[in-house]
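Undergrad: The structure's right below; bear with me while I get my questions together.
The values are calculated or read from the model by the stated rules, or taken from the named source; none is laboratory data. These numbers were taken from a predicted model, which means no experiment stands behind them. Don't worry about glycine lacking a Cβ; one is built from the backbone with ideal geometry, like all the others, and counts go over all protein chains shown. Ligands, DNA and RNA are stripped out before the accessible areas are found, and what is left, the full protein with its side chains, is counted by its heavy atoms. Shrake-Rupley method; radii C 1.70, N 1.55, O 1.52, S 1.80 Å.
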Amino acid sequence: MSDFLLELRSEEIPARMQAGARAELEKLFRGQMAAAGVAVGELTLWSTPRRLALIARGLPVATQAVREEVKGPKASAPEQALAGFLRKTGLTREQLEERDGVFFAVTEKPGRATADVLAEAIPAIVRGFAWPKSQRWGAASLSTESLRWVRPLQGIIALLDGAVVPCEVGGIVSGRETVGHRFHSSGAVSVADADSYADDLRAAHVLVNHEERQDIIRAKAKEVASAAGLTLVEDEGLVIENAGLTEWPQPLLGRFDEAFLEVPPEVIQLTARINQKYFVCEDAAGKLANAFVCTANIDAIDGGEGIIAGNRKVLAARLSDARFFWQQDLKTPLAVQAKKLERITFHEKLGTVAQRQERFVALTGAFQGALGDSVDHARAAAAILKADLVTEMVGEFPELQGLMGGYYAAAEGLPAPVVAAIRDHYKPAGQSDELPVEGAAILTAIIDKVDALVGFFGADLKPTGSKDPFALRRAALGVIRLITENGLRLNLLPLFEAAAGLYRDQGVAVNGAADDLLTFFADRLKVQQKEAGVRHDLIDAVFALGGEDDLVRLLARVHALQAFVQTDDGKNLLAGYKRAANILKAEEKKGWDAGVTNPAPEPAEAALMAALADAAPRAEKAVADEDFTGAMAALASLRSAVDEFFNHVIVNADNPDIRSARLGLLSQLRAATHKVADFSRIEG
């Protein structure tokens, strides 16, 4: 068995592309080997800013000889059939084998040396590589057929058991030489084989294993922060990115002017992270400290003082801009900023952002009594909810919308609930994101999402398949979480209709989308509740009755129903219901007199009449009282009577009046269960 090393060396590969490049290299290598009949086991994939590396161990020395047989037509088949088979296989009639009156095309492919397979595969891998962005270079780039790569390709190592696999791609010939660190190494680095590759590069100040570099950054960044009495604000994405930017990572701690701490901490962290790829630190009190951790790519002879000084200057310039934006924004109240929203289009079919805010204010009226006095604070926040969109800071950092509005509102001295309502109205941003906790913030978060859902659905811009450009699925899930996790008693249909009416009052044409939206919410609810172990068919069973748009009440009914159908009484009653429903479905097509009564019912028939007379009103009252466990108990009392009825009573009696009476009894059973849920939607 043989070991193979492939290194593709180029100018700097963007850090964000390296993980995808490793996966692409593995996919292409496995594909080429599989096509040649070479079995490939586990692969090692590494990357640095200047190279991609692959190590494959345990490759066979050569491929196995292959004998392939293709069955053809019978020897007695027409000449046209035989001619077609010969064209398909590329053989002559004399080359076919005949067995039991049937022709076979037999092809024997001799084994090939794995080195020869690799020599053909490497150029195919390089030329077939899919980068998010790539380029051509040099004189050859005048032709569209020239080699494309993420950055100019500079070298190829291809070693099979230490021997060079000869190949050439775009004028680059494979060999065993690479280069080490750009500053700590000079001259070529000769690699003996796959086993020595990592150590040869380590000696040249290159850590080729990206995971090793990540571990160093995690550990040393924490170490330098701790040495200064600080705590590193962990950021795994930043760890991976810094590892993708360096070949010999050296985390260093620097300080910036404390005066910059007047800027909100999120702004400082975002400035450091996005613009400079720096970590930030917190002090013992958990507050942002005037410190950063940068990742150098060299062992500096001065301990990194010069690097830190340079990075401090660059960060200071960035933070000066952020402080300027902050100070400028504070000069203009949010109410004044909000007037500029007339110039911002929400969507070409749905008017401006200023019109949205007008709808927000009006829509707070739909929540009167929902969360105490929170509506007044929500209304005050709604009037300036999107004002931070036109601030300098959000213009620079769109990720901070909402958050900056909260800071500006607090600086104006607005009440804390209003501040929270502005700050948190985008929440939750995802299924695992935290929810707002203030009542006014809960309301503004719902209003913002419902307005968007009604608008886009009304403009026929609904999600289709996997496409959801306006994140409406996420918005619906957000509303569901806001309502259910806060136990908010709210009817959705009137809320949707009120929102649609506000669009129309502004002259924005939206279609009535309330029913479609409710169905959409039902689908999202099934997705959301699946993780909680709630059966989707039970949600369907409750929704199918219609008129249920209170999600808290709906889930309470579903939970009680799920507990019921798991009991023996529930299972047997469900079986009895389905039997009754099937009989009724068949007979209703024929027509029968539902008003007929049986003057002399059999004992089991009379027992079911009595049980229904008792259970149906109890179930109906329990549902009205939202005592869903009690409603299930009422239905459970029907179980034995239903069993006895089907055991002893013939529904399709010869006497048409008796048959009609018994069908009417089954219809009453169906109606009784439908007071709780549509049992026809329940699986099982």
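Undergrad: Kindly provide the set of residues from region 584-610 that are modelled with pLDDT of 90 or more and either open to solvent by 20 Å² or more (accessible area, probe 1.4 Å) or among the hydroxyl-bearing types (S, T, Y) (or both), ordered by number.
TA: Scanning region 584-610 gives E602, P603, A606, A607, M609, A610.
Undergrad: Follow-up question, since we're still on this one. Based on what the data block shows, is V454 buried (at least 22 other Cβ atoms within 10 Å of the Cβ), touching a residue at least 24 places away in the same chain (Cβ under 8 Å), of a type in the set (V, I, T) and farther than 30 Å from R323 by Cβ?
TA: yes
Undergrad: Sticking with this structure for a sec: On the given criteria, is T48 surrounded by fewer than 18 Cβ atoms within 10 Å (Cβ to Cβ) and among the hydroxyl-bearing types (S, T, Y)?
TA: Working: surrounded by fewer than 18 Cβ atoms within 10 Å (Cβ to Cβ): no; among the hydroxyl-bearing types (S, T, Y): yes.
Judged against the criteria, T48 is not a match.
Undergrad: Same structure, new question: Hey, can you tell me all the residues within region 559-570 that are closer than 16 Å to E626 by Cβ and crowded, with 17+ Cβ neighbours inside 10 Å?
TA: A560, L561, F564
Undergrad: Continuing with this model, one more query. Of the numbered conditions (1) out of contact with any helix residue (DSSP H, G or I) (no Cβ under 7 Å at 6 or more places or on another chain); (2) within 30 Å of L490 (Cβ to Cβ); (3) surrounded by 14 or more Cβ atoms within 10 Å (Cβ to Cβ), L371 fails exactly one; give the number of that condition.
TA: (1)
Undergrad: Follow-up question, since we're still on this one. From (1) within 28 Å of L414 (Cβ to Cβ); (2) surrounded by fewer than 17 Cβ atoms within 10 Å (Cβ to Cβ), pick out the condition that doesn't hold for G507.
TA: (1)
Undergrad: Follow-up question, since we're still on this one. Based on this model, can you work out whether S141 counts as surrounded by fewer than 18 Cβ atoms within 10 Å (Cβ to Cβ), free of Cβ contacts under 8 Å to residues at least 40 places away in the same chain and part of a loop (DSSP other than H, G, I, E, B)? So that I can check it myself, show each step before the final result.
TA: Values: surrounded by fewer than 18 Cβ atoms within 10 Å (Cβ to Cβ): yes; free of Cβ contacts under 8 Å to residues at least 40 places away in the same chain: yes; part of a loop (DSSP other than H, G, I, E, B): no.
Against the criterion (surrounded by fewer than 18 Cβ atoms within 10 Å (Cβ to Cβ), free of Cβ contacts under 8 Å to residues at least 40 places away in the same chain and part of a loop (DSSP other than H, G, I, E, B)), S141 does not qualify.
Undergrad: Whether any residue in region 253-274 is in a helix (DSSP H, G or I), touching a residue at least 24 places away in the same chain (Cβ under 8 Å), under 30 Å from L201 (Cα atoms) and touching a strand residue (DSSP E or B) at 6+ places or on another chain (Cβ under 9 Å) is what I want to check.
TA: There is at least one residue in region 253-274 that is in a helix (DSSP H, G or I), touching a residue at least 24 places away in the same chain (Cβ under 8 Å), under 30 Å from L201 (Cα atoms) and touching a strand residue (DSSP E or B) at 6+ places or on another chain (Cβ under 9 Å).
Undergrad: Hey, another quick one. Which of the residues spanning region 1-20 are surrounded by fewer than 18 Cβ atoms within 10 Å (Cβ to Cβ) and among the acidic types (D, E)?
TA: If the condition is that a residue be surrounded by fewer than 18 Cβ atoms within 10 Å (Cβ to Cβ) and among the acidic types (D, E), then D3, E11, E12 are the ones that fit.
Undergrad: Hey, can you tell me all the residues within region 648-664 that are assigned to a helix (DSSP H, G or I) and of a type outside the set (A, V, I, L, M, F, W, C)?
TA: H648, P656, D657, R659, S660, R662, G664
Undergrad: Of the residues that make up region 116-137, is at least one open to solvent by 60 Å² or more (accessible area, probe 1.4 Å), closer than 24 Å to A35 by Cβ and modelled with pLDDT under 85?
TA: No, because not a single residue in region 116-137 is open to solvent by 60 Å² or more (accessible area, probe 1.4 Å), closer than 24 Å to A35 by Cβ and modelled with pLDDT under 85.
Undergrad: Could you check, for region 314-332, whether at least one of its residues is open to solvent by less than 20 Å² (accessible area, probe 1.4 Å), among the polar types (S, T, N, Q) and touching a helix residue (DSSP H, G or I) at 6+ places or on another chain (Cβ under 8 Å)?
TA: no
Undergrad: For residues in region 510-534 being surrounded by fewer than 19 Cβ atoms within 10 Å (Cβ to Cβ) and touching a residue at least 60 places away in the same chain (Cβ under 8 Å), which is farthest from the chain's Cα centre (by Cα)?
TA: The selected residue is F520.
Undergrad: Okay, next question. Any idea which of (1) modelled with pLDDT under 95; (2) closer than 20 Å to R356 by Cβ; (3) among the hydrophobic types (A, V, I, L, M, F, W, C) is the one L490 doesn't satisfy?
TA: In the conditions (1) modelled with pLDDT under 95; (2) closer than 20 Å to R356 by Cβ; (3) among the hydrophobic types (A, V, I, L, M, F, W, C), L490 misses (2) alone.
Matching residues to (1) surrounded by 21 or more Cβ atoms within 10 Å (Cβ to Cβ); (2) of a type in the set (F, W, Y); (3) within 45 Å of the chain's Cα centre (by Cα); (4) outside any helix (DSSP H, G or I):
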| residue | (1), (2), (3), (4) |
| --- | --- |
| D643 | no, no, no, no |
| F646 | no, yes, no, no |
| L666 | yes, no, no, no |
| L669 | yes, no, yes, no |
| V676 | yes, no, yes, yes |
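Undergrad: Within region 611-622, take every residue that is under 43 Å from the mean Cα position of the chain (by Cα) and surrounded by 20 or more Cβ atoms within 10 Å (Cβ to Cβ) and give me the one that is farthest from H674 (Cα to Cα).
TA: My answer is A622.
Undergrad: Any idea how many residues of region 489-504 are part of a loop (DSSP other than H, G, I, E, B) and either open to solvent by less than 70 Å² (accessible area, probe 1.4 Å) or in contact with a Cys (Cβ under 6 Å, 6 or more places away or on another chain) (or both)?
TA: Residues flagged as part of a loop (DSSP other than H, G, I, E, B) and either open to solvent by less than 70 Å² (accessible area, probe 1.4 Å) or in contact with a Cys (Cβ under 6 Å, 6 or more places away or on another chain) (or both) within region 489-504 amount to 1.
Undergrad: Give me the residue from region 473-488 that is outside any helix (DSSP H, G or I) and under 17 Å from A421 (Cα atoms) and, out of that set, least open to solvent (accessible area, probe 1.4 Å).
TA: Going through region 473-488, the residues outside any helix (DSSP H, G or I) turn out to be 485-488.
Next, only the ones that are under 17 Å from A421 (Cα atoms) stay: 486, 488.
On the way: N486: 64, L488: 5 Å².
Top of the filtered list is L488.
Undergrad: Before we move on, is R639 open to solvent by 10 Å² or more (accessible area, probe 1.4 Å) and within 48 Å of the chain's Cα centre (by Cα)?
TA: Values: open to solvent by 10 Å² or more (accessible area, probe 1.4 Å): yes; within 48 Å of the chain's Cα centre (by Cα): yes.
In short, yes.
Undergrad: Sticking with this one: Are there strands (runs of 3 or more DSSP E) fully within region 49-123 with at least 2 residues that are closer than 30 Å to E12 by Cβ and among the small types (G, A, S)? List them.
TA: Filter on region 49-123 gives 51-59.
Undergrad: Please enumerate the residues belonging to region 188-223 that are among the small types (G, A, S) and more than 25 Å from G304 (Cα to Cα).
TA: A188, S190, A192, A194, S196, A198
Undergrad: From the list A544, A556, A580, which one is touching a residue at least 40 places away in the same chain (Cβ under 8 Å), buried (at least 20 other Cβ atoms within 10 Å of the Cβ) and out of contact with any Gly (no Cβ under 7 Å at 6 or more places or on another chain)?
TA: So the residue among A544, A556, A580 that is touching a residue at least 40 places away in the same chain (Cβ under 8 Å), buried (at least 20 other Cβ atoms within 10 Å of the Cβ) and out of contact with any Gly (no Cβ under 7 Å at 6 or more places or on another chain) is A580.
Undergrad: Which of (1) assigned to a helix (DSSP H, G or I); (2) open to solvent by 40 Å² or more (accessible area, probe 1.4 Å); (3) among the charged types (D, E, K, R) is the odd one out, the single condition E24 does not satisfy?
TA: Single failed check for E24: (2).
Undergrad: Collect the residues in region 147-164 that are out of contact with any Asp or Glu (no Cβ under 8 Å at 6 or more places or on another chain) and more than 27 Å from A19 (Cβ to Cβ), keeping them in residue-number order.
TA: A163, V164
Undergrad: If F29 passes every condition in (1) among the hydrophobic types (A, V, I, L, M, F, W, C); (2) under 29 Å from L147 (Cβ atoms); (3) free of Cβ contacts under 8 Å to residues at least 12 places away in the same chain but one, which one does it miss?
TA: (3)
Undergrad: With the checklist (1) surrounded by 15 or more Cβ atoms within 10 Å (Cβ to Cβ); (2) at pLDDT 95 or above; (3) farther than 12 Å from E7 by Cβ in hand, flag the one item Q154 doesn't pass.
TA: Going through the list (1) surrounded by 15 or more Cβ atoms within 10 Å (Cβ to Cβ); (2) at pLDDT 95 or above; (3) farther than 12 Å from E7 by Cβ, Q154 breaks only (3).
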